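I have placed the structure first, in the form of structure tokens, so that the comments after it can refer back to it.
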Amino acid sequence: MLTLCINKVNICLKGVNMTRFEEFLESKAIMKSKLAKQLGLSNVTIINHARGKTEISRDTAKKYADFFGMSLKEFMNRFVL
């Protein structure tokens with residue numbers, strides 16, 4: 001079941017299959033540990049986001065988007081929706 005709600009504080013992504021996100025990281029040869037360090041997040045957080053196990057705050061989603069050189073909307077469309 002996909003749960004998606006976007007508001008000013010959080011982007012809820014529980015239950016999302018984020019294999020596209022993981023495949024993207026692999027295609028760019030980006031290790032989750034390196035991404036975590038670059039974004040100031042823990043390795044566990046990155047893994048949980050990639051697997052759709054935890055919610056991603058709007059600020060963190062923006063960090064991902066900025067890191068990958070895309071808008072927040074593009075990140076959401078590419079990896080979430």
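With the condition being modelled with pLDDT of 90 or more, I'd like the helices (runs of 4 or more DSSP H) fully within the chain carrying at least 1 qualifying residues. Lay out the reasoning, then the answer.
Working: elements: 19-27, 32-39, 43-50, 58-67, 72-79.
Passing ranges, in order: 32-39, 43-50, 58-67, 72-79.
Quick one: which residue in 77, 43 is in contact with a helix residue (DSSP H, G or I) (Cβ under 6 Å, 6 or more places away or on another chain) and either surrounded by fewer than 14 Cβ atoms within 10 Å (Cβ to Cβ) or not basic (Lys, Arg) (or both)? Before you say what the answer is, go through the steps one by one.
Details: 77 fails: in contact with a helix residue (DSSP H, G or I) (Cβ under 6 Å, 6 or more places away or on another chain).
Only one candidate qualifies: 43.
The values are calculated or read from the model by the stated rules, or taken from the named source; none is laboratory data. All values derive from a computational prediction rather than experimental measurement. Positions of Cβ are generated from backbone atoms using ideal geometry, with glycine treated the same way; all protein chains shown enter the neighbour counts.
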